Amino acid sequence: MKYLSVLILLVSSPVLSQVQTMNLREVVETAKSQSIASKQAATKKKTNFWQYRSFLADYKPQLSLNGTVPGFTRSYIEVVQPDGTVAFQNVSNNNSMLNLSLSQSIAFTGGTVFVQQQLQRFDDFARNNTRYNGIPFAIGIDQPLFRFNPMKWARKIQPLQYQEGNQQFIASLEQVALDATGFYFELLVAQVNLQIAEKNRSNNDTLYKIAQHKLELGKISQNDLLQLQMGLLTAQKDLASAQQAAAVASLKLKMFLSSRDERDLELEIPLEASEFAINTQIALDEAFANRADAIGFQRKLLEAERDVQFAKKENGLNASLNATFGLTNQGPRPRDVYANPQDREFVELQFTLPIMTWGRNKARTEVAKANREFMQQAVEQDKLTFEQEIFTQVTLLQMLQKQVKLTNLADHIAAERYQIAKERFILSDLSVTDLGIATQEKDIARRDYILALRDYWQSYYSLRLLTLYDFEQNRKIGY
(Lines give C-alpha, C1' and ligand atoms only; values in the text may rest on other atoms or scores of the structure.)
Protein backbone atom coordinates (compact mmCIF):
# COMPACT_ATOMS: atom_id res chain seq x y z
CA MET A 1 0.00 0.00 0.00
CA LYS A 2 2.90 2.31 0.81
CA TYR A 3 4.56 1.74 -2.57
CA LEU A 4 1.21 2.23 -4.36
CA SER A 5 0.81 5.65 -2.69
CA VAL A 6 4.31 6.69 -3.79
CA LEU A 7 3.59 5.54 -7.36
CA ILE A 8 0.30 7.48 -7.46
CA LEU A 9 2.12 10.57 -6.13
CA LEU A 10 4.81 10.33 -8.82
CA VAL A 11 2.29 9.86 -11.61
CA SER A 12 -0.01 12.64 -10.45
CA SER A 13 2.76 15.19 -9.72
CA PRO A 14 4.00 17.44 -12.55
CA VAL A 15 7.24 16.48 -14.32
CA LEU A 16 10.16 18.17 -12.62
CA SER A 17 13.00 20.09 -14.23
CA GLN A 18 11.12 20.93 -17.44
CA VAL A 19 12.27 24.55 -17.15
CA GLN A 20 15.87 25.72 -16.95
CA THR A 21 16.23 29.06 -15.19
CA MET A 22 19.32 31.13 -16.02
CA ASN A 23 20.50 34.63 -15.26
CA LEU A 24 22.70 36.87 -17.38
CA ARG A 25 25.95 35.99 -15.62
CA GLU A 26 25.32 32.27 -16.07
CA VAL A 27 24.56 32.69 -19.78
CA VAL A 28 27.71 34.76 -20.31
CA GLU A 29 29.94 32.25 -18.47
CA THR A 30 28.36 29.35 -20.34
CA ALA A 31 29.00 31.09 -23.65
CA LYS A 32 32.65 31.71 -22.72
CA SER A 33 33.18 28.06 -21.80
CA GLN A 34 31.23 26.02 -24.35
CA SER A 35 30.14 28.12 -27.34
CA ILE A 36 31.71 27.47 -30.74
CA ALA A 37 32.95 31.07 -30.84
CA SER A 38 34.87 30.64 -27.57
CA LYS A 39 36.41 27.36 -28.75
CA GLN A 40 37.51 29.01 -32.00
CA ALA A 41 39.14 31.79 -29.97
CA ALA A 42 41.01 29.20 -27.88
CA THR A 43 42.19 27.43 -31.03
CA LYS A 44 43.49 30.71 -32.49
CA LYS A 45 45.36 31.38 -29.25
CA LYS A 46 46.94 27.92 -29.41
CA THR A 47 47.98 28.52 -33.03
CA ASN A 48 49.46 31.88 -32.05
CA PHE A 49 51.46 30.24 -29.25
CA TRP A 50 52.97 27.56 -31.46
CA GLN A 51 53.77 30.05 -34.23
CA TYR A 52 55.73 32.08 -31.70
CA ARG A 53 57.46 28.95 -30.42
CA SER A 54 58.46 28.15 -34.00
CA PHE A 55 59.85 31.67 -34.41
CA LEU A 56 61.94 31.38 -31.23
CA ALA A 57 63.26 27.98 -32.34
CA ASP A 58 64.64 29.55 -35.54
CA TYR A 59 67.13 31.52 -33.41
CA LYS A 60 68.42 28.50 -31.50
CA PRO A 61 71.16 26.07 -32.66
CA GLN A 62 69.90 23.57 -35.24
CA LEU A 63 71.42 20.08 -35.39
CA SER A 64 70.65 18.07 -38.51
CA LEU A 65 71.74 14.88 -40.23
CA ASN A 66 71.27 14.55 -43.97
CA GLY A 67 72.63 12.22 -46.57
CA THR A 68 72.11 9.78 -49.41
CA VAL A 69 72.02 6.11 -48.39
CA PRO A 70 72.18 4.31 -50.76
CA GLY A 71 73.05 6.09 -54.00
CA PHE A 72 73.12 3.05 -56.29
CA THR A 73 73.54 3.42 -60.08
CA ARG A 74 73.79 0.75 -62.80
CA SER A 75 73.67 2.03 -66.37
CA TYR A 76 75.56 2.95 -69.50
CA ILE A 77 76.98 6.46 -69.50
CA GLU A 78 78.42 8.58 -72.27
CA VAL A 79 82.23 8.86 -72.18
CA VAL A 80 84.15 11.09 -74.65
CA GLN A 81 87.28 9.36 -76.00
CA PRO A 82 90.66 11.05 -76.66
CA ASP A 83 89.97 11.12 -80.39
CA GLY A 84 86.65 12.91 -79.85
CA THR A 85 84.40 9.94 -80.37
CA VAL A 86 81.84 8.81 -77.83
CA ALA A 87 81.77 5.46 -76.08
CA PHE A 88 79.09 4.17 -73.74
CA GLN A 89 80.67 2.76 -70.62
CA ASN A 90 78.95 0.28 -68.35
CA VAL A 91 78.94 1.54 -64.73
CA SER A 92 77.70 -0.07 -61.52
CA ASN A 93 78.37 1.84 -58.32
CA ASN A 94 77.05 3.14 -55.03
CA ASN A 95 77.80 6.70 -53.95
CA SER A 96 76.54 7.25 -50.37
CA MET A 97 77.05 10.27 -48.16
CA LEU A 98 76.23 11.36 -44.59
CA ASN A 99 76.55 14.93 -43.31
CA LEU A 100 76.12 16.04 -39.70
CA SER A 101 75.87 19.81 -39.18
CA LEU A 102 75.22 22.22 -36.33
CA SER A 103 74.12 25.71 -37.40
CA GLN A 104 73.29 28.94 -35.61
CA SER A 105 71.55 31.99 -37.06
CA ILE A 106 72.98 35.41 -36.18
CA ALA A 107 70.08 37.83 -35.90
CA PHE A 108 72.30 40.91 -35.66
CA THR A 109 74.01 40.31 -39.03
CA GLY A 110 71.48 38.05 -40.73
CA GLY A 111 74.07 35.38 -41.39
CA THR A 112 74.56 31.75 -40.34
CA VAL A 113 77.58 30.00 -38.85
CA PHE A 114 77.90 26.24 -38.88
CA VAL A 115 80.18 23.33 -38.07
CA GLN A 116 79.91 20.05 -39.92
CA GLN A 117 81.29 16.55 -40.33
CA GLN A 118 80.89 14.54 -43.52
CA LEU A 119 81.66 11.02 -44.68
CA GLN A 120 81.29 9.72 -48.26
CA ARG A 121 81.62 6.14 -49.54
CA PHE A 122 82.03 5.19 -53.20
CA ASP A 123 81.66 1.51 -54.27
CA ASP A 124 82.69 0.62 -57.82
CA PHE A 125 81.10 -2.85 -58.30
CA ALA A 126 82.51 -3.27 -61.81
CA ARG A 127 86.08 -3.03 -60.53
CA ASN A 128 85.44 -4.28 -57.01
CA ASN A 129 86.85 -1.09 -55.51
CA THR A 130 85.76 0.97 -52.48
CA ARG A 131 86.96 4.45 -51.56
CA TYR A 132 86.10 6.85 -48.70
CA ASN A 133 86.17 10.60 -48.71
CA GLY A 134 85.27 12.85 -45.82
CA ILE A 135 85.47 16.05 -43.82
CA PRO A 136 86.39 15.28 -40.20
CA PHE A 137 85.70 18.87 -39.20
CA ALA A 138 84.72 22.12 -40.89
CA ILE A 139 83.47 25.50 -39.78
CA GLY A 140 81.84 27.99 -42.09
CA ILE A 141 79.74 31.11 -42.45
CA ASP A 142 77.11 32.31 -44.89
CA GLN A 143 76.89 36.07 -44.53
CA PRO A 144 74.84 38.48 -46.67
CA LEU A 145 76.56 41.85 -47.13
CA PHE A 146 74.81 45.21 -47.68
CA ARG A 147 71.50 43.38 -47.83
CA PHE A 148 68.20 43.51 -45.99
CA ASN A 149 68.27 41.56 -42.70
CA PRO A 150 64.85 39.87 -42.23
CA MET A 151 65.85 38.27 -38.90
CA LYS A 152 66.54 41.65 -37.30
CA TRP A 153 63.06 42.90 -38.17
CA ALA A 154 61.39 39.63 -37.27
CA ARG A 155 62.76 39.96 -33.73
CA LYS A 156 61.00 43.32 -33.47
CA ILE A 157 57.70 42.35 -35.10
CA GLN A 158 57.06 38.74 -34.05
CA PRO A 159 56.86 39.46 -30.27
CA LEU A 160 54.30 42.16 -31.02
CA GLN A 161 52.28 39.72 -33.14
CA TYR A 162 52.40 37.18 -30.31
CA GLN A 163 51.26 39.77 -27.75
CA GLU A 164 48.61 40.97 -30.18
CA GLY A 165 47.30 37.42 -30.57
CA ASN A 166 47.09 36.92 -26.79
CA GLN A 167 45.14 40.13 -26.33
CA GLN A 168 42.92 39.22 -29.26
CA PHE A 169 41.99 36.02 -27.41
CA ILE A 170 40.82 38.07 -24.42
CA ALA A 171 38.92 40.42 -26.73
CA SER A 172 37.31 37.43 -28.49
CA LEU A 173 35.95 36.12 -25.19
CA GLU A 174 34.64 39.58 -24.34
CA GLN A 175 33.00 39.68 -27.77
CA VAL A 176 31.41 36.33 -26.94
CA ALA A 177 30.07 37.89 -23.73
CA LEU A 178 28.67 40.84 -25.68
CA ASP A 179 27.05 38.56 -28.27
CA ALA A 180 25.61 36.35 -25.52
CA THR A 181 24.14 39.45 -23.90
CA GLY A 182 22.44 40.35 -27.17
CA PHE A 183 20.90 36.88 -27.53
CA TYR A 184 19.97 36.89 -23.84
CA PHE A 185 17.97 40.11 -24.08
CA GLU A 186 16.44 39.11 -27.40
CA LEU A 187 14.91 36.12 -25.60
CA LEU A 188 14.18 38.11 -22.42
CA VAL A 189 12.30 40.79 -24.38
CA ALA A 190 10.35 38.03 -26.14
CA GLN A 191 9.52 36.38 -22.81
CA VAL A 192 8.43 39.68 -21.26
CA ASN A 193 6.25 40.36 -24.30
CA LEU A 194 4.82 36.88 -23.86
CA GLN A 195 4.10 37.54 -20.19
CA ILE A 196 2.45 40.85 -21.10
CA ALA A 197 0.42 39.16 -23.82
CA GLU A 198 -0.72 36.37 -21.49
CA LYS A 199 -1.63 38.87 -18.78
CA ASN A 200 -3.46 41.11 -21.22
CA ARG A 201 -5.41 38.19 -22.67
CA SER A 202 -6.40 37.08 -19.18
CA ASN A 203 -7.32 40.62 -18.10
CA ASN A 204 -9.22 41.33 -21.30
CA ASP A 205 -11.12 38.08 -20.95
CA THR A 206 -12.07 38.96 -17.36
CA LEU A 207 -13.02 42.53 -18.23
CA TYR A 208 -15.08 41.38 -21.22
CA LYS A 209 -17.09 39.03 -19.00
CA ILE A 210 -17.61 41.85 -16.47
CA ALA A 211 -18.66 44.16 -19.30
CA GLN A 212 -21.24 41.64 -20.49
CA HIS A 213 -22.77 41.68 -17.04
CA LYS A 214 -22.67 45.50 -16.97
CA LEU A 215 -24.41 45.65 -20.34
CA GLU A 216 -27.26 43.60 -18.92
CA LEU A 217 -27.51 46.13 -16.07
CA GLY A 218 -27.32 49.03 -18.52
CA LYS A 219 -24.13 50.49 -17.05
CA ILE A 220 -22.14 50.45 -20.35
CA SER A 221 -23.03 50.79 -23.98
CA GLN A 222 -22.94 48.16 -26.70
CA ASN A 223 -20.07 50.10 -28.31
CA ASP A 224 -17.95 49.77 -25.14
CA LEU A 225 -18.63 46.03 -25.08
CA LEU A 226 -17.54 45.67 -28.70
CA GLN A 227 -14.41 47.68 -27.96
CA LEU A 228 -13.54 45.29 -25.14
CA GLN A 229 -14.25 42.32 -27.40
CA MET A 230 -11.88 43.75 -30.01
CA GLY A 231 -9.30 44.18 -27.24
CA LEU A 232 -9.69 40.52 -26.31
CA LEU A 233 -9.24 39.38 -29.92
CA THR A 234 -6.17 41.59 -30.30
CA ALA A 235 -4.72 40.19 -27.06
CA GLN A 236 -5.24 36.63 -28.35
CA LYS A 237 -3.41 37.44 -31.61
CA ASP A 238 -0.60 39.19 -29.70
CA LEU A 239 -0.26 36.11 -27.51
CA ALA A 240 0.18 33.77 -30.50
CA SER A 241 2.75 36.10 -32.05
CA ALA A 242 4.64 36.44 -28.74
CA GLN A 243 4.77 32.64 -28.33
CA GLN A 244 6.36 32.25 -31.74
CA ALA A 245 8.88 35.05 -31.15
CA ALA A 246 9.89 33.54 -27.79
CA ALA A 247 10.40 30.10 -29.35
CA VAL A 248 12.64 31.52 -32.11
CA ALA A 249 14.69 33.61 -29.66
CA SER A 250 15.14 30.61 -27.36
CA LEU A 251 16.45 28.51 -30.25
CA LYS A 252 18.94 31.25 -31.23
CA LEU A 253 20.33 31.47 -27.70
CA LYS A 254 20.66 27.70 -27.35
CA MET A 255 22.44 27.46 -30.70
CA PHE A 256 24.90 30.17 -29.67
CA LEU A 257 25.56 28.39 -26.36
CA SER A 258 25.94 25.04 -28.20
CA SER A 259 23.34 23.69 -25.79
CA ARG A 260 21.37 20.52 -26.50
CA ASP A 261 19.26 20.86 -23.37
CA GLU A 262 15.62 20.35 -24.40
CA ARG A 263 14.21 22.12 -21.35
CA ASP A 264 12.55 25.49 -21.84
CA LEU A 265 14.74 28.44 -20.93
CA GLU A 266 13.38 30.90 -18.41
CA LEU A 267 15.52 33.99 -18.03
CA GLU A 268 15.73 36.21 -15.00
CA ILE A 269 15.50 39.98 -15.35
CA PRO A 270 19.00 41.19 -14.42
CA LEU A 271 19.47 44.21 -12.22
CA GLU A 272 21.95 46.86 -13.21
CA ALA A 273 25.43 46.45 -11.75
CA SER A 274 26.24 48.39 -8.62
CA GLU A 275 26.99 51.95 -9.67
CA PHE A 276 30.69 52.54 -10.20
CA ALA A 277 32.68 55.54 -11.33
CA ILE A 278 34.42 55.45 -14.70
CA ASN A 279 37.41 57.70 -15.28
CA THR A 280 37.70 58.43 -19.00
CA GLN A 281 41.48 58.85 -18.84
CA ILE A 282 41.89 55.50 -17.08
CA ALA A 283 39.68 53.91 -19.74
CA LEU A 284 41.87 55.37 -22.51
CA ASP A 285 45.12 54.35 -20.80
CA GLU A 286 43.90 50.80 -20.21
CA ALA A 287 42.60 50.50 -23.78
CA PHE A 288 45.99 51.52 -25.24
CA ALA A 289 47.76 49.19 -22.82
CA ASN A 290 45.51 46.14 -23.31
CA ARG A 291 43.83 46.18 -26.70
CA ALA A 292 45.22 44.13 -29.58
CA ASP A 293 44.39 47.07 -31.85
CA ALA A 294 46.73 49.34 -29.89
CA ILE A 295 49.55 46.81 -30.23
CA GLY A 296 48.64 46.57 -33.92
CA PHE A 297 49.31 50.29 -34.35
CA GLN A 298 52.93 49.79 -33.37
CA ARG A 299 53.26 46.62 -35.43
CA LYS A 300 51.89 48.27 -38.59
CA LEU A 301 54.35 51.16 -38.29
CA LEU A 302 57.26 48.73 -37.85
CA GLU A 303 56.14 46.70 -40.88
CA ALA A 304 55.94 49.86 -42.99
CA GLU A 305 59.46 50.87 -41.89
CA ARG A 306 60.69 47.33 -42.62
CA ASP A 307 59.34 47.54 -46.17
CA VAL A 308 61.19 50.83 -46.71
CA GLN A 309 64.46 49.31 -45.52
CA PHE A 310 63.89 46.28 -47.74
CA ALA A 311 63.38 48.49 -50.80
CA LYS A 312 66.54 50.49 -50.03
CA LYS A 313 68.78 47.50 -49.34
CA GLU A 314 67.61 45.18 -52.10
CA ASN A 315 67.82 47.85 -54.81
CA GLY A 316 71.50 48.63 -54.20
CA LEU A 317 74.71 46.63 -53.95
CA ASN A 318 73.98 43.06 -52.87
CA ALA A 319 76.76 40.72 -51.85
CA SER A 320 77.10 37.40 -50.10
CA LEU A 321 80.17 35.89 -48.43
CA ASN A 322 80.42 32.09 -48.14
CA ALA A 323 83.51 30.73 -46.41
CA THR A 324 84.42 27.28 -45.04
CA PHE A 325 87.61 26.16 -43.30
CA GLY A 326 88.34 22.65 -42.14
CA LEU A 327 90.05 19.33 -42.71
CA THR A 328 89.61 16.65 -45.38
CA ASN A 329 91.10 13.32 -46.48
CA GLN A 330 90.33 10.17 -48.45
CA GLY A 331 91.38 6.53 -48.53
CA PRO A 332 90.28 2.91 -48.94
CA ARG A 333 89.14 2.67 -45.30
CA PRO A 334 86.97 4.95 -43.12
CA ARG A 335 89.77 5.59 -40.63
CA ASP A 336 91.99 6.93 -43.40
CA VAL A 337 89.74 9.96 -43.55
CA TYR A 338 90.72 10.91 -39.97
CA ALA A 339 94.45 10.04 -40.24
CA ASN A 340 96.60 13.07 -41.09
CA PRO A 341 93.82 15.07 -42.79
CA GLN A 342 94.68 17.89 -45.15
CA ASP A 343 93.55 21.51 -44.98
CA ARG A 344 90.30 22.39 -46.73
CA GLU A 345 89.37 25.99 -47.55
CA PHE A 346 86.56 27.52 -49.55
CA VAL A 347 85.89 31.24 -49.88
CA GLU A 348 83.39 32.80 -52.26
CA LEU A 349 82.17 36.37 -52.56
CA GLN A 350 79.22 36.96 -54.85
CA PHE A 351 77.80 40.39 -55.63
CA THR A 352 75.24 42.16 -57.76
CA LEU A 353 75.50 45.88 -58.54
CA PRO A 354 72.70 47.50 -60.52
CA ILE A 355 74.16 49.91 -63.06
CA MET A 356 71.29 50.96 -65.31
CA THR A 357 67.72 50.38 -64.09
CA TRP A 358 65.96 53.40 -65.66
CA GLY A 359 64.79 54.63 -62.27
CA ARG A 360 63.20 51.33 -61.25
CA ASN A 361 65.08 51.05 -57.95
CA LYS A 362 64.31 54.61 -56.94
CA ALA A 363 60.66 54.12 -57.86
CA ARG A 364 60.41 51.03 -55.65
CA THR A 365 61.96 52.93 -52.76
CA GLU A 366 59.62 55.89 -53.22
CA VAL A 367 56.60 53.55 -53.32
CA ALA A 368 57.69 52.02 -50.02
CA LYS A 369 58.15 55.48 -48.49
CA ALA A 370 54.71 56.57 -49.71
CA ASN A 371 53.18 53.43 -48.21
CA ARG A 372 54.92 54.17 -44.91
CA GLU A 373 53.54 57.72 -44.93
CA PHE A 374 50.05 56.41 -45.73
CA MET A 375 50.28 53.88 -42.91
CA GLN A 376 51.35 56.59 -40.46
CA GLN A 377 48.31 58.63 -41.45
CA ALA A 378 46.00 55.60 -41.24
CA VAL A 379 47.30 54.69 -37.79
CA GLU A 380 46.85 58.25 -36.61
CA GLN A 381 43.25 58.22 -37.85
CA ASP A 382 42.65 54.82 -36.22
CA LYS A 383 43.97 56.19 -32.93
CA LEU A 384 41.54 59.12 -33.07
CA THR A 385 38.65 56.74 -33.83
CA PHE A 386 39.88 54.48 -31.06
CA GLU A 387 39.84 57.31 -28.53
CA GLN A 388 36.43 58.51 -29.72
CA GLU A 389 34.93 55.03 -29.24
CA ILE A 390 36.21 54.89 -25.68
CA PHE A 391 34.96 58.37 -24.81
CA THR A 392 31.53 57.69 -26.36
CA GLN A 393 31.13 54.36 -24.59
CA VAL A 394 32.09 55.78 -21.18
CA THR A 395 29.60 58.62 -21.60
CA LEU A 396 26.88 56.23 -22.80
CA LEU A 397 27.32 53.83 -19.89
CA GLN A 398 27.19 56.63 -17.34
CA MET A 399 23.98 57.93 -18.95
CA LEU A 400 22.41 54.46 -19.07
CA GLN A 401 23.11 53.92 -15.37
CA LYS A 402 20.68 56.76 -14.70
CA GLN A 403 18.30 55.75 -17.47
CA VAL A 404 17.73 52.30 -15.99
CA LYS A 405 16.72 53.77 -12.62
CA LEU A 406 14.26 56.15 -14.27
CA THR A 407 12.61 53.50 -16.44
CA ASN A 408 12.39 51.16 -13.45
CA LEU A 409 10.56 53.85 -11.50
CA ALA A 410 8.27 54.51 -14.48
CA ASP A 411 7.52 50.78 -14.74
CA HIS A 412 6.38 50.64 -11.09
CA ILE A 413 4.25 53.78 -11.45
CA ALA A 414 2.57 52.56 -14.65
CA ALA A 415 1.83 49.16 -13.06
CA GLU A 416 0.22 50.82 -10.03
CA ARG A 417 -1.74 53.22 -12.23
CA TYR A 418 -3.08 50.32 -14.32
CA GLN A 419 -4.18 48.46 -11.19
CA ILE A 420 -6.05 51.53 -9.99
CA ALA A 421 -7.61 52.02 -13.43
CA LYS A 422 -8.72 48.40 -13.54
CA GLU A 423 -10.37 48.63 -10.13
CA ARG A 424 -12.11 51.88 -11.11
CA PHE A 425 -13.43 50.30 -14.29
CA ILE A 426 -14.87 47.39 -12.34
CA LEU A 427 -16.60 49.93 -10.10
CA SER A 428 -17.93 51.74 -13.22
CA ASP A 429 -15.86 54.80 -12.41
CA LEU A 430 -13.63 54.74 -15.55
CA SER A 431 -14.28 54.56 -19.28
CA VAL A 432 -13.05 51.80 -21.58
CA THR A 433 -10.87 54.32 -23.42
CA ASP A 434 -9.08 55.43 -20.25
CA LEU A 435 -8.59 51.79 -19.25
CA GLY A 436 -7.04 51.08 -22.67
CA ILE A 437 -4.67 54.04 -22.24
CA ALA A 438 -3.56 52.77 -18.82
CA THR A 439 -3.00 49.31 -20.28
CA GLN A 440 -0.85 50.67 -23.11
CA GLU A 441 1.20 52.83 -20.74
CA LYS A 442 1.76 49.83 -18.47
CA ASP A 443 2.98 47.68 -21.36
CA ILE A 444 5.16 50.45 -22.82
CA ALA A 445 6.75 51.18 -19.43
CA ARG A 446 7.52 47.51 -18.89
CA ARG A 447 9.11 47.13 -22.31
CA ASP A 448 11.06 50.38 -21.92
CA TYR A 449 12.55 49.11 -18.66
CA ILE A 450 13.68 45.83 -20.24
CA LEU A 451 15.09 47.65 -23.26
CA ALA A 452 16.93 50.07 -20.97
CA LEU A 453 18.44 47.10 -19.15
CA ARG A 454 19.45 45.62 -22.50
CA ASP A 455 21.14 48.84 -23.60
CA TYR A 456 22.86 49.15 -20.22
CA TRP A 457 24.32 45.63 -20.20
CA GLN A 458 25.36 45.78 -23.84
CA SER A 459 27.10 49.07 -23.10
CA TYR A 460 28.69 47.52 -20.01
CA TYR A 461 30.17 44.61 -21.97
CA SER A 462 31.08 46.89 -24.88
CA LEU A 463 33.22 49.01 -22.54
CA ARG A 464 34.91 45.85 -21.24
CA LEU A 465 35.59 44.83 -24.84
CA LEU A 466 36.99 48.23 -25.79
CA THR A 467 39.30 48.51 -22.77
CA LEU A 468 39.82 44.90 -21.64
CA TYR A 469 39.48 46.33 -18.15
CA ASP A 470 37.03 45.49 -15.36
CA PHE A 471 35.92 48.77 -13.79
CA GLU A 472 33.93 46.99 -11.07
CA GLN A 473 36.99 45.12 -9.80
CA ASN A 474 39.53 47.76 -10.94
CA ARG A 475 41.76 45.21 -12.68
CA LYS A 476 42.76 44.09 -16.12
CA ILE A 477 40.69 41.32 -17.70
CA GLY A 478 42.57 38.06 -18.16
CA TYR A 479 41.78 34.44 -18.89
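The values are calculated or read from the model by the stated rules, or taken from the named source; none is laboratory data. This one's a predicted model, so the numbers in the text were calculated from it and none came from an experiment. Note that we place each Cβ from the backbone using ideal geometry, even for glycine, and neighbour counts take in every protein chain shown. Note: areas computed on protein heavy atoms with side chains; ligands, DNA, RNA excluded. Shrake-Rupley method; radii C 1.70, N 1.55, O 1.52, S 1.80 Å.
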Quiz item: How do 129-142, 251-264 rank on mean C-beta neighbours within 10 Å, highest first?
Solution: 129-142, 251-264
Practice problem: Sum -39500 (n - 2.57) across every DSSP H segment of at least 4 residues in the chain, then divide by the residue count to get the 222 nm mean residue ellipticity, nearest 500. | Solution: -21500 deg cm²/dmol
Self-check item: the stretch 245-313 shape via C-alpha gyration tensor axes, a/c threshold 1.5
Solution: oblate
Quiz item: Once the whole set of protein chains is in place, how much accessible area is left on Lys156, using a 1.4 Å probe, in Å² to the nearest 10?
Solution: 90
Quiz item: Could you name the aspartates and glutamates in cross-link range of Lys442, using Cα to Cα under 16 Å and dropping any fewer than eight places away on the same chain?
Solution: Glu198, Asp238, Asp411, Glu416, Glu423, Asp434
Exercise. Compute the relative contact order of the chain as a whole-number percentage, counting only Cα pairs closer than 8 Å that sit 6 or more residues apart in sequence.
Key: 19
Quiz item: Under 17 Å Cα-Cα from Lys45, which aspartates and glutamates qualify once same-chain neighbours fewer than 8 residues away are excluded?
Solution: Glu164, Glu174, Asp293
Quiz prompt | Accessible surface, per residue, of the chain when the full set of protein chains is kept, probe 1.4 Å, Å² | solution = 61
Exercise. Using a 1.4 Å probe and ignoring any ligands, DNA or RNA, find the accessible area of Asp343 and quote it in Å² to the nearest 10.
Key: 110
Exercise. Determine the shape class of the stretch 261-402: with a ≥ b ≥ c the square roots of the Cα gyration tensor eigenvalues, call it rounded for a/c under 1.5, and otherwise prolate if a/b is greater than b/c, oblate otherwise.
Key: oblate
Quiz item: What pairs from Lys156/Lys312; Lys46/Lys300; Lys402/Lys422 go past 28 Å between their alpha carbons?
Solution: Lys402/Lys422
Quiz item: Hey, of [x] 29.1; [y] 22.3; [z] 31.4, which did the structure itself give for Kirkwood radius over Cα pairs in Å when calculated?
Solution: [z]
Quiz item: What fraction of the Cα pairs in the stretch 139-212, stated in percent, has a spacing above 22 angstrom?
Solution: 66
Quiz item: Roughly how many percent of the accessible protein surface of the stretch 263-355 is carbon and sulfur, given a 1.4 Å probe and a whole-percent answer?
Solution: 51
Self-check item: Distribution of pairwise C-alpha distances over the stretch 409-479, 5 Å bins, in %
Solution: 3, 16, 16, 12, 10, 8, 8, 7, 7, 5, 5, 2, 0
Exercise. With N denoting the number of residues in the stretch 343-479, provide Rg(C-alpha) divided by 2.2 N^0.38 Å, to two decimal places.
Key: 2.32
Self-check item: Protection-proxy order for peptides 237-249, 460-472, each taking the mean of Cβ atoms within 10 Å per residue, highest first
Solution: 460-472, 237-249
Practice problem: Return the tail of the calculated pair distribution for the stretch 31-179, meaning the percent of Cα-Cα pairs more than 19 Å apart. | Solution: 73
